[in-house]
Amino acid sequence: MSNNIIVAIDGYSSCGKSTLAKALAKKLHFIYVDSGAMYRAVALYFLRNNVDLNNHEQIAEALEKIHLNFHSRDYQTHITLNDEEVSDEIRLMPVSETVSAVSAIREVRKEMVKQQQRMGKSKNIVMDGRDIGTAVFPDAPLKIFMTADPKVRAERRYKEMLPKNPDITLEEVFENIAHRDYQDTTRTESPLVRAEDAIILDNTNLTPEQQLDFALEKVHDLGNY
Ligand code: DC
């Protein structure tokens, strides 16, 4: 049995999971893993290679050819797809539009969960995603389930995306978030659901500092930190 600590952060799209996870990891000197970036990189590979999402043979073949790596600099996610840095490209609209469908595929999830569990074997980590507290690390000592008003989430995401997507509209971002919420919560494979032992954090009216304080208090409650 290893003694490393895992903080699992799940929740809806664009409700500040990665902001909290990064800040928490920085404060605690833990490693931060953005599991969504992994699904996004797979979606990018599928897009570039015209992988048919209904063709299981093609999907299995593609998954064998995909090698992902994280390089953390200043707690920012740098992800490589077969040695190419794709951190910016995976945030663009084409990937955002297809990633939920890609992440609903059983084979894709199986492979990503395997890789994520490997990362959590011996190190203290904060991982954010949709199934971290339910499927990836069901024994994590601290699970946080994040939520916020969808309109507030869309406004936050819009501001974040605008510099790299100058043509985007708030409506488009809202639609994309609503669509992803629907897909994430209704898919058959590991749908987004709160783990029974997860603490709910609604940050509609919280600043990033306030949500960090909330999470730090929960970490301190674990003892040793
Ligand atoms: O957190 P994000 O928006 O970057 O995630 C991108 C997509 O990947 C999102 O639509 C849901 C999916 N995802 C998932 O199914 N499981 C995870 N652990 C992380 C993300």
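Do we have Lys123 as more than 14 Å from the ligand (Cβ to nearest atom), over 13 Å from Ile9 (Cβ atoms) and of a type outside the set (A, V, I, L, M, F, W, C) here?
yes
With respect to the numbered conditions (1) touching an Asp or Glu at 6+ places or on another chain (Cβ under 8 Å); (2) in a helix (DSSP H, G or I); (3) within 27 Å of Asn4 (Cα to Cα); (4) open to solvent by less than 40 Å² (accessible area, probe 1.4 Å), which one is the sole condition not fulfilled by Gln115?
(1)
Can you name the residue in region 126-142 that is within 13 Å of the chain's Cα centre (by Cα) and open to solvent by less than 20 Å² (accessible area, probe 1.4 Å) and is also nearest to Asn4 (Cα to Cα) among such residues?
Out of the qualifying residues, it is Val126.
Among the residues of region 19-35, what is the count of those that are surrounded by fewer than 20 Cβ atoms within 10 Å (Cβ to Cβ) and within 12 Å of the ligand (Cβ to nearest atom)?
1
Quick one: count up the residues across region 143-158 that are of a type in the set (A, V, I, L, M) and either open to solvent by 20 Å² or more (accessible area, probe 1.4 Å) or free of Cβ contacts under 8 Å to residues at least 12 places away in the same chain (or both).
Qualifying residue count, region 143-158: 1.
Do you know which of the residues in region 191-210 that are within 12 Å of the ligand (Cβ to nearest atom) and surrounded by fewer than 17 Cβ atoms within 10 Å (Cβ to Cβ) is nearest to Glu89 (Cα to Cα)?
If we take residues in region 191-210 being within 12 Å of the ligand (Cβ to nearest atom) and surrounded by fewer than 17 Cβ atoms within 10 Å (Cβ to Cβ), then Pro191 is nearest to Glu89 (Cα to Cα).
Within region 167-190, which residues are more than 9 Å from the ligand (Cβ to nearest atom), touching a residue at least 40 places away in the same chain (Cβ under 8 Å) and more than 18 Å from Val95 (Cβ to Cβ)?
Thr188
Looking at Lys123 and the list (1) over 19 Å from the mean Cα position of the chain (by Cα); (2) open to solvent by 80 Å² or more (accessible area, probe 1.4 Å), which single condition is not satisfied?
(1)
Within 13 Å of the ligand (Cβ to nearest atom) and over 25 Å from Gln58 (Cβ atoms): does that describe Ser100?
no
Report yes if some residue within region 2-13 is polar (S, T, N, Q), open to solvent by less than 60 Å² (accessible area, probe 1.4 Å) and away from the ligand (no atom under 13 Å from the Cβ); otherwise report no.
Scanning region 2-13 turns up at least one residue that is polar (S, T, N, Q), open to solvent by less than 60 Å² (accessible area, probe 1.4 Å) and away from the ligand (no atom under 13 Å from the Cβ).
At pLDDT 95 or above, buried (at least 17 other Cβ atoms within 10 Å of the Cβ), within 12 Å of the ligand (Cβ to nearest atom) and within 15 Å of the chain's Cα centre (by Cα): does that describe Ala43?
yes
If I ask for residues that are within 19 Å of Arg40 (Cβ to Cβ), open to solvent by 100 Å² or more (accessible area, probe 1.4 Å), among the charged types (D, E, K, R) and not in a loop (DSSP other than H, G, I, E, B), which ones from region 159-190 would you list?
Glu160, Glu175
Given the options Asp131, Asp83, Asp139, Asp88, name the one that is at positive phi and among the acidic types (Asp, Glu).
Answer to the selection: Asp83.
The values are calculated or read from the model by the stated rules, or taken from the named source; none is laboratory data. Keep in mind it's a predicted model, so treat the numbers as computed, not measured. Cβ coordinates were reconstructed from backbone atoms using ideal geometry, including for glycine residues, and neighbour counts include every protein chain displayed. When the accessible area is computed, the model is the full protein with side chains, heavy atoms only, and any ligands, DNA or RNA have been set aside. Shrake-Rupley method; radii C 1.70, N 1.55, O 1.52, S 1.80 Å.
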